[in-house]
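Single-structure report; data block below.
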Amino acid sequence: MPELPEVETVCRGLALKLEGRRFRRVIQRRPDLRFPLPQRFAKRLEGRRVVRVGRRAKYILIDLDDDNVVLAHLGMSGSMIASDAPLAGFDPHDHLVFETDDGTVIRFNDARRFGFMDLVARADLDRHRLLAELGPEPLGNEFNGPVLAAALAGKKTPIKSALVDQRVVAGIGNIYASESLFYAGISPRRSARTVQGDRAERLAAAIKRVLLDAIAAGGSSLRDFVQTNGELGYFQHRWAVYDRDGQACPGCDCIAASTGGIRRIVQSGRSTFYCPKRQR
């Protein structure tokens, strides 16, 4: 599933194409995705001007000029591809197609249909059932070591599991939790409640660093993720530990041949990668 950097990358691409434009035509090719689409969804969007494209956690937010917001999620395999070419035919998995007043065409393509879209009044957005309990944005000014430490206090779960809990911090998934813990020098097995003080400061800083680096690289492409221009992300080529079990980790003097290098364990049904020498 795309994590914060991938969704942020898509949002930035959509902003360039959509902000200030009107939806001239919206084509809805099925009544549902992961959930049923809102009643008259396409018709309610046609003629509306896009005020802003933003993000909350792993969700895309498209603010409209009628005080409604399109709340979208890419699911496991969804993409939103923008093109200046005139609309000519559909891929079987093009479920929604948006055409703007300058001729830009954006296709929401989702082979597995785990993505979804909703239309929410802006005044009700923070109370939406999918957003109401989300933790702080890790790239926001409100996120720092003390905030993270407070969210982790009393939690007996391993720190890796806590980081992917969207109520603790929003937008982080499996990849960036492993990467952040590596750069913070913290074992994914460590009890979350012990990540306080300097450890929490290091981890908060590592989270920001990893996410910003990933956004700059266009996110990570596993299987289906592509940017709005159809290109892959490139951050997967810069992973320190994720999906690199058995290899030596960067910046560490451990010898993979004798120590086994980066290790893979399963936590809460998900793969975790870490260096047992560097991370404590």
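The values are calculated or read from the model by the stated rules, or taken from the named source; none is laboratory data. Predicted, not measured: the structure shown is a model, and the values here were computed from it. Neighbour counts are summed over all protein chains in view; Cβ atoms, including those assigned to glycine, are modelled from backbone coordinates with ideal geometry.
Among all positions in the stretch 218-241, there is at least one residue which is modelled with pLDDT of 90 or more, among the aromatic types (Phe, Trp, Tyr) and within 20 Å of the chain's Cα centre (by Cα).
Close Cβ contacts (under 9 Å, 6 or more residues apart or on different chains) running from residues in the stretch 248-272 that are farther than 14 Å from residue 188 by Cβ to residues that are part of a helix (DSSP H, G or I) and at pLDDT below 75 comprise 248/256; 248/257; 248/259. Out of all the residues in the stretch 1-22, which are over 14 Å from residue 217 (Cβ atoms) and in contact with a helix residue (DSSP H, G or I) (Cβ under 7 Å, 6 or more places away or on another chain)? None; the set is empty. Scanning the stretch 154-177 for residues that are among the hydrophobic types (A, V, I, L, M, F, W, C) and out of contact with any helix residue (DSSP H, G or I) (no Cβ under 6 Å at 6 or more places or on another chain) returns 169, 170, 175.
Any chance the stretch 65-77 includes a residue that's in the same structural domain as residue 19 (by TED's automatic domain parsing) and free of Cβ contacts under 8 Å to residues at least 24 places away in the same chain? The answer is yes, given that some residue of the stretch 65-77 is in the same structural domain as residue 19 (by TED's automatic domain parsing) and free of Cβ contacts under 8 Å to residues at least 24 places away in the same chain. Only residues that are over 30 Å from residue 206 (Cα atoms), surrounded by 13 or more Cβ atoms within 10 Å (Cβ to Cβ) and of a type in the set (A, V, I, L, M) were counted across the stretch 116-155, and they come to 3. Of the conditions (1) under 30 Å from residue 212 (Cβ atoms); (2) among the aromatic types (Phe, Trp, Tyr); (3) touching a Lys or Arg at 6+ places or on another chain (Cβ under 8 Å), residue 90 fails just one. Which one is it? Status for residue 90: all satisfied but (1).
List the residue pairs whose Cβ atoms are under 6 Å apart, where the first residue sits in the stretch 161-189 and is more than 17 Å from residue 220 (Cα to Cα), the second is crowded, with 21+ Cβ neighbours inside 10 Å and of a type in the set (Phe, Trp, Tyr), and the two are 6 or more positions apart or on different chains. The qualifying pairs are 188/274.
Note on the stretch 183-198: residues that are in contact with a strand residue (DSSP E or B) (Cβ under 9 Å, 6 or more places away or on another chain) and among the charged types (D, E, K, R) total 2.
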